[in-house]
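For reference, the structure discussed in these notes is given below.
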């Protein structure tokens, strides 16, 4: 009997180091050197004589986001499940990050304030994975890149991936144009990982070579971000981490906000809206939004803080997933990871964590039946990845489908699922037990099915019957009914 998705999810998210590993290939090639590609390369280093990463952007950009990561300047979150996996594959990396300047929380308690629909909710309790790693995306990516490239059998070349050759039913070569131009270079490959992100061309390359193209599923979200960096100053605010989420509803406009304390004694602050609600790059507009639409610490930092960057905007039109698991034919020796498989509404912080879980799926696949890796399609890998994608997709789209400009697609049983989800969500705002359970699901430590147990429903019903709605927390200067919430 096949294992349930929840059991598979628990196996994938384990913190235990992998057991015995076997070298089963001469050269593995990873297309893309972002978080997903670096994590895949780390896993492959246990199974290949050589791992080659083909990355478009040079690595001398540690001080800022790479051109290939247009969202790199925005607020990023490494969820607790991601930190567990990061430590699993790079032991001691969190301590190294703290030594290099990643900020340590000011106490054993997580110094986070969470606002949801005008109500300040219960903050998450510290987990067993140690202090939370809160940094900018460039800082974390640079650290993971250094650790990855320090492994003897991994090397990186710079160039633009141009295609994959097949001979006839498996991958045989990868072609790329070196940085600076010139003739394409072809390198033999026993195994290829597509980590080229949302704009991956793998589907087109498959189609051009007579293979089926994975179906694409989309949910239009029309998300609009604006982010700026400020010098951290306790005279202005003692804010450490703030997460804010107002859901669309009577008297409310869906908005997201966030403040993180990051390396180099800085705050990174984000405001975001949907559809036609578009923050601009104008500093005055950014400050006005912070002051009028968000809790008081946003306005205080925007008005009185020392701004260290321009206001950087970002737009994401949709969440999307490529359904590789639906393909009945796949060339052997080919997989995809990270945003090349699925990318979600970034306000939920699932991207980097999902990429790290995909790496653990790859490890489980490579260890499960090593003799078949080079000669059999990786259907078993994509079945594992589907478990991770389904879990993240369920969490993010169940909220996004409520946005007034989103018209579906609605999943089967949507009305009863929504009723149950709303019941648990409301109860979690006052009940520490349900708050912890919900938090473990939204941070990808537990599978969403953990919230569908009868004990959870009964507790949510009891809490709902015994409590009254709490008064809304006023936002700084706002009297328009907009509340605060979490991402």
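The values are calculated or read from the model by the stated rules, or taken from the named source; none is laboratory data. Nothing here was measured: the structure is a model prediction, and the numbers come from that model. In this analysis, Cβ positions are derived from the backbone assuming ideal geometry, glycine residues included, and neighbour counts consider all displayed protein chains.
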Given the options 423, 445, 434, name the one that is at pLDDT 90 or above, over 22 Å from residue 200 (Cα atoms) and in a loop (DSSP other than H, G, I, E, B). 445
Based on what the data block shows, is residue 391 buried (at least 22 other Cβ atoms within 10 Å of the Cβ), modelled with pLDDT of 95 or more and touching a helix residue (DSSP H, G or I) at 6+ places or on another chain (Cβ under 9 Å)? yes
Only unsatisfied item for residue 77, checking (1) modelled with pLDDT of 85 or more; (2) on the phi < 0 side of the Ramachandran plot; (3) surrounded by 22 or more Cβ atoms within 10 Å (Cβ to Cβ), is (1)
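For every residue, the table says whether it meets (1) under 18 Å from residue 361 (Cα atoms); (2) in a strand (DSSP E or B).
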| site | (1), (2) |
| --- | --- |
| 8 | yes, no |
| 15 | yes, no |
| 19 | yes, no |
| 22 | yes, no |
| 49 | no, yes |
| 52 | no, yes |
| 58 | no, no |
Go through the range 176-196 and give me each residue that's over 20 Å from residue 355 (Cα atoms) and either in contact with a helix residue (DSSP H, G or I) (Cβ under 6 Å, 6 or more places away or on another chain) or surrounded by fewer than 18 Cβ atoms within 10 Å (Cβ to Cβ) (or both). 177, 178, 179, 180, 181, 182, 183, 184, 185, 186, 187, 188
Residues that are surrounded by fewer than 22 Cβ atoms within 10 Å (Cβ to Cβ): list the strands (runs of 3 or more DSSP E) wholly contained in the range 251-348 that include at least 3 such residues. 312-322
Applying the selection to the range 217-231, what residues are surrounded by fewer than 20 Cβ atoms within 10 Å (Cβ to Cβ) and within 9 Å of residue 267 (Cβ to Cβ)? 231
If we keep just the residues of the range 373-398 that are more than 16 Å from the chain's Cα centre (by Cα) and part of a helix (DSSP H, G or I), which is nearest to residue 421 (Cα to Cα)? 398
Any chance residue 219 is in a strand (DSSP E or B), in contact (Cβ under 8 Å) with a residue 60 or more places away in the chain and either farther than 18 Å from residue 325 by Cα or under 25 Å from the mean Cα position of the chain (by Cα) (or both): yes
Filter the range 24-41 down to the residues that are under 20 Å from residue 80 (Cα atoms) and either in contact with a helix residue (DSSP H, G or I) (Cβ under 6 Å, 6 or more places away or on another chain) or assigned to a strand (DSSP E or B) (or both) and list them by number. 35, 36, 38, 39, 40
Unmet criterion (only one of (1) in contact with a helix residue (DSSP H, G or I) (Cβ under 9 Å, 6 or more places away or on another chain); (2) modelled with pLDDT under 95; (3) over 18 Å from residue 389 (Cβ atoms)) for residue 56: (1)
Would you tally the residues in the range 144-159 being part of a strand (DSSP E or B) and either surrounded by 16 or more Cβ atoms within 10 Å (Cβ to Cβ) or touching a helix residue (DSSP H, G or I) at 6+ places or on another chain (Cβ under 9 Å) (or both)? 5
Filtered residue count, the range 132-143, keeping only those that are surrounded by fewer than 21 Cβ atoms within 10 Å (Cβ to Cβ) and outside any helix (DSSP H, G or I): 0
Candidates 91, 105, 123 - the one that is assigned to a loop (DSSP other than H, G, I, E, B), surrounded by fewer than 19 Cβ atoms within 10 Å (Cβ to Cβ) and modelled with pLDDT of 85 or more: 91
Inside the range 180-208, can you point out the residues that are part of a loop (DSSP other than H, G, I, E, B) and either free of Cβ contacts under 8 Å to residues at least 24 places away in the same chain or over 11 Å from residue 334 (Cβ atoms) (or both)? 180, 181, 182, 183, 184, 195, 196, 197, 198, 199, 200, 201
Say whether the condition of being surrounded by fewer than 24 Cβ atoms within 10 Å (Cβ to Cβ) and part of a strand (DSSP E or B) is met by at least one residue in the range 353-372. no
Would you confirm, using the coordinates I've provided, whether residue 113 is outside any loop (DSSP other than H, G, I, E, B) and at pLDDT below 90? yes
Can you list residue pairs whose Cβ atoms sit under 7 Å apart, with the first residue in the range 363-378 being more than 15 Å from residue 40 (Cα to Cα) and the second being loosely packed, with under 14 Cβ neighbours inside 10 Å? Count only pairs 6 or more apart in sequence or on different chains. 370/22
Being in contact with a strand residue (DSSP E or B) (Cβ under 8 Å, 6 or more places away or on another chain) and modelled with pLDDT of 95 or more is the filter; apply it to the range 345-364 and report the residue that is farthest from residue 82 (Cα to Cα). 362
